[in-house]
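S.K.: Once you've had a glance at the structure underneath, I'll fire off some questions.
The values are calculated or read from the model by the stated rules, or taken from the named source; none is laboratory data. Owing to the predicted nature of the structure, the values given are computational and were not obtained by experimental measurement. Don't worry about glycine lacking a Cβ; one is built from the backbone with ideal geometry, like all the others, and counts go over all protein chains shown.
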Amino acid sequence: MVREIIETALLALIIFVAVRAVVLNFKVDGVSMNPSFDNGEMLLVNRNAYRSINGWTFVDWLPFVGDHADADAWITFGKPQRGDVIVFTPPPPGEDKPYIKRVIGLPGDTVEIHDEGVYVNGVRLDEPYLEGRTSNCRYSDPQYCGTKVVVPENSVFVMGDNRNNSEDSRKFGPVSINRIIGKAWVTYWPTSDIGVVPHWDYPDVPEPTGE
């Protein structure tokens, strides 16, 4: 009887740790992603959406296999895409809590914000999820808003859907990809909003030219 209880407890612990390694519970705090997400909405975030691992880690533990710590055998589960909704650790000094924003620009993209719209590589984004909200540079850093910003390597340009009330890359600049915690996956509270989180894409945006 005691053994069964211990085995059940260990199994529950293993399952819990495994689930926590894959998903994160995240509570939307504030209105920066309105109308897509409301304050207090609860999400599951996929921690592994953009993770990369070295394939050699699966076999290096074998006694007859040498150490390949420096070998180039990386496996990437996925990369951020324009329109993805992500949770990330913001740049200093705002590192006390994660942010949730939408990926607008990828490495090499040129992002511009003017005429109440967002332009990526010269094309104005079609953003129906904003429900008529416009984009501007109020309360933003002129280094990152109102001018051309080329997204650096291994970084993304993010913005909140509530363009008049969001602290995002217009304020603190592009975000390093290694700061991304995961990709918003499922809404589970309130029950009226239960479902898979929709992500957007912008098929008309050309790839960066590198100029």
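S.K.: Can you tell me which residues in segment 174-192 are crowded, with 18+ Cβ neighbours inside 10 Å and either of a type in the set (A, V, I, L, M) or out of contact with any Leu (no Cβ under 7 Å at 6 or more places or on another chain) (or both)? Steps first, please.
M.R.: If we filter segment 174-192 for residues that are crowded, with 18+ Cβ neighbours inside 10 Å, which is where we start, we get 174-175, 177, 180-185, 187.
174, 175, 177, 180, 181, 183, 184, listed by residue number.
S.K.: On to the next question. Look at segment 32-41 and say how many of its residues are crowded, with 16+ Cβ neighbours inside 10 Å and not small (Gly, Ala, Ser). Quick ask: steps written out before the conclusion?
M.R.: Kept after step one, since they are crowded, with 16+ Cβ neighbours inside 10 Å, are these residues of segment 32-41: 32-34, 36-37, 41.
Those left that are additionally not small (Gly, Ala, Ser): 33-34, 37, 41.
Final tally of qualifying residues: 4.
S.K.: With (1) in contact with an Asp or Glu (Cβ under 7 Å, 6 or more places away or on another chain); (2) surrounded by fewer than 18 Cβ atoms within 10 Å (Cβ to Cβ); (3) farther than 24 Å from residue 30 by Cα as the list, and residue 207 as the residue in question, which single condition is left unmet?
M.R.: (1)
S.K.: Scan segment 94-141 for residues that are closer than 23 Å to residue 207 by Cα and acidic (Asp, Glu) and jot them down.
M.R.: Of the residues in segment 94-141, the ones closer than 23 Å to residue 207 by Cα are 101-129, 135.
The answer is 109, 112, 115, 116, 126, 127.
S.K.: Further, regarding this structure: Go through 144, 188, 99 for me and flag whichever is under 22 Å from residue 25 (Cα atoms), at pLDDT below 95 and among the hydroxyl-bearing types (Ser, Thr, Tyr).
M.R.: Working: 144 fails: under 22 Å from residue 25 (Cα atoms); 99 fails: at pLDDT below 95.
188 is the lone residue from the list that is under 22 Å from residue 25 (Cα atoms), at pLDDT below 95 and among the hydroxyl-bearing types (Ser, Thr, Tyr).
S.K.: How many residues does segment 91-103 hold that are crowded, with 20+ Cβ neighbours inside 10 Å and not in a strand (DSSP E or B)?
M.R.: Counting residues in segment 91-103 that are crowded, with 20+ Cβ neighbours inside 10 Å and not in a strand (DSSP E or B) gives 1.
S.K.: Considering only segment 133-170, state which residues are without any contact (Cβ under 8 Å) to a residue 60 or more places away in the chain, under 17 Å from the mean Cα position of the chain (by Cα) and either in a strand (DSSP E or B) or surrounded by fewer than 18 Cβ atoms within 10 Å (Cβ to Cβ) (or both).
M.R.: 152, 153, 154, 155, 157, 159
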